[in-house]
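> Mind having a look at this structure? Questions to follow.
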Amino acid sequence: MTNLHSPMQQHKLQNYNSARGAEAYKADYRNKLHRKWSDKRERALLESYFLELAQLGIGPAESILDLPCGHGRLSGLLKQHCRDLIEADWSYTMVSLNQRDHGRDGRSYCRASALEIPLPDRSVDVAVSFRLSHHLESQQLREQHLHELFRVARKAVIVTWFSASSLKNVLRQVRVKLVGKKPKNVLRNARVREVAEQDGFVQKQAKPLFRIGSGHVLGLFVRR
Ligand SMILES: C[S@@+](CC[C@H](N)C(=O)[O-])C[C@H]1O[C@@H](n2cnc3c(N)ncnc32)[C@H](O)[C@@H]1O
């Protein structure tokens with residue numbers, strides 16, 4: 001696998017792939033207040049989405065794919081909702097760190113690109129992707145990642161994206177015009193719904209992580 005399989009900014013990618021960068025990302029969630037808040041909120045939303053899946057008669061899942069898994073921040077929570085958890089990431093360092101911390105009990109690990117997931121169609125019950133979309137540099141790649149999640153998921157997809165209509169993005173657009181800031185890697189919520197529909201999924205939820213201070217949305221989609 002080459003860097004072409006992960007077309008995010010090279011310095012960010014190198015950072016995630018270095019031992020220092022992977023450890024630093026993990027430490028951020030222990031030490032930085034804003035990371036701890038967003039982690040808490042993401043976990044609460046995830047739990048509510050799994051509850052909704054249970055109410056829809058979907059779950060507990062036999063298998064969940066967590067891609068990108070990073071250092072396994074959500075591994076413990078996801079494992080509580082399935083028998084087999086697949087932890088996958090482009091960064092070999094992240095996958096190794098994750099395996100060292102969480103072990104192999106009911107979990108498997110692999111290095112994989114989220115743009116070409118090395119799994120057959122409908123091969124996992126639930127596909128989960130946290131905090132990748134906004135790193136992908138073009139609309140085409142962000143949509144390719146969505147298509148891949150919808151392809152491999154038998155029952156449901158849980159995915160984050162950076163919303164074009166979020167306050168954070170609206171403010172960024174002003175700075176893009178005024179001071180030439182780099183635009184955010186966003187998706188329109190309606191476009192995410194369209195992609196899901198094309199691939200046979202219905203949107204059940206699309207909740208913002210926070211209304212102020214974050215543009216991330218967490219979506220829940222189930223197969224029609
Ligand atoms: C911000 S971290 C998120 C990790 C984890 N989902 C979380 O929320 O803690 C982004 C991760 O995406 C991985 N990544 C970047 N490009 C990727 C790609 N094309 N395929 C799979 N993983 C990728 C990086 O190695 C990094 O671990």
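The values are calculated or read from the model by the stated rules, or taken from the named source; none is laboratory data. All values derive from a computational prediction rather than experimental measurement. Heads up, the Cβs are rebuilt from the backbone with ideal geometry, glycines too, and the neighbour counts pull from every protein chain shown. For accessibility, only protein heavy atoms count, side chains too; no ligands or nucleic acids. Shrake-Rupley method; radii C 1.70, N 1.55, O 1.52, S 1.80 Å.
> Exactly one of these conditions fails for Lys12: (1) within 9 Å of the ligand (Cβ to nearest atom); (2) open to solvent by less than 70 Å² (accessible area, probe 1.4 Å); (3) of a type in the set (Lys, Arg). Give me its number.
In the conditions (1) within 9 Å of the ligand (Cβ to nearest atom); (2) open to solvent by less than 70 Å² (accessible area, probe 1.4 Å); (3) of a type in the set (Lys, Arg), Lys12 misses (2) alone.
> Do we find a residue being in a loop (DSSP other than H, G, I, E, B) and crowded, with 19+ Cβ neighbours inside 10 Å anywhere in the stretch 146-155?
no
> Can you name every residue in the stretch 34-72 that is loosely packed, with under 15 Cβ neighbours inside 10 Å and either among the aliphatic types (A, V, I, L, M) or not in a helix (DSSP H, G or I) (or both)?
Within the stretch 34-72, Ala44, Leu51, Ala54, Leu56, Gly57, Pro60, Glu62 qualify.
> Still on this structure: Only one residue in Arg142, Arg191, Arg175, Arg154 is of a type in the set (Lys, Arg) and under 24 Å from Ala54 (Cα atoms). Which one?
Arg154
> For Ala24, state whether it is without any contact (Cβ under 8 Å) to a residue 40 or more places away in the chain, within 14 Å of the ligand (Cβ to nearest atom) and either open to solvent by less than 50 Å² (accessible area, probe 1.4 Å) or not in a loop (DSSP other than H, G, I, E, B) (or both).
yes
> For the condition touching a residue at least 24 places away in the same chain (Cβ under 8 Å), within 10 Å of the ligand (Cβ to nearest atom) and within 14 Å of the chain's Cα centre (by Cα), what is the one hit in Phe162, Phe130, Phe150?
Numbers: Phe162 fails: within 10 Å of the ligand (Cβ to nearest atom); Phe150 fails: within 10 Å of the ligand (Cβ to nearest atom).
Step by step, each of Phe162, Phe130, Phe150 is checked, and only Phe130 is touching a residue at least 24 places away in the same chain (Cβ under 8 Å), within 10 Å of the ligand (Cβ to nearest atom) and within 14 Å of the chain's Cα centre (by Cα).
> For a quick check of your reading of the model, give me the residue pairs whose first member lies in the stretch 73-92 and is crowded, with 21+ Cβ neighbours inside 10 Å, whose second is among the β-branched types (Val, Ile, Thr), with beta-carbon atoms closer than 6 Å and at least 6 apart or on different chains.
Leu78/Ile64; Cys82/Ile64; Leu85/Ile64; Asp89/Val95
> Just give me the residues in the stretch 89-109 being in contact with a helix residue (DSSP H, G or I) (Cβ under 7 Å, 6 or more places away or on another chain) and either more than 10 Å from the ligand (Cβ to nearest atom) or within 20 Å of Val152 (Cα to Cα) (or both), in sequence order.
Asp89, Trp90, His102, Gly106, Arg107, Tyr109
> Hey, another quick one. Of the residues Leu97, Leu119, Leu132, Leu115, which single one is farther than 29 Å from Arg193 by Cβ and open to solvent by 10 Å² or more (accessible area, probe 1.4 Å)?
Step by step, each of Leu97, Leu119, Leu132, Leu115 is checked, and only Leu97 is farther than 29 Å from Arg193 by Cβ and open to solvent by 10 Å² or more (accessible area, probe 1.4 Å).
> I need a count of the residues in the stretch 191-204 that are outside any strand (DSSP E or B) and either open to solvent by 40 Å² or more (accessible area, probe 1.4 Å) or acidic (Asp, Glu) (or both).
6
> Now for a separate question. I'd like to check something: does the stretch 168-188 contain any residue that is open to solvent by 10 Å² or more (accessible area, probe 1.4 Å), farther than 30 Å from Arg211 by Cα and touching a strand residue (DSSP E or B) at 6+ places or on another chain (Cβ under 6 Å)?
For the stretch 168-188, residues open to solvent by 10 Å² or more (accessible area, probe 1.4 Å), farther than 30 Å from Arg211 by Cα and touching a strand residue (DSSP E or B) at 6+ places or on another chain (Cβ under 6 Å): absent.
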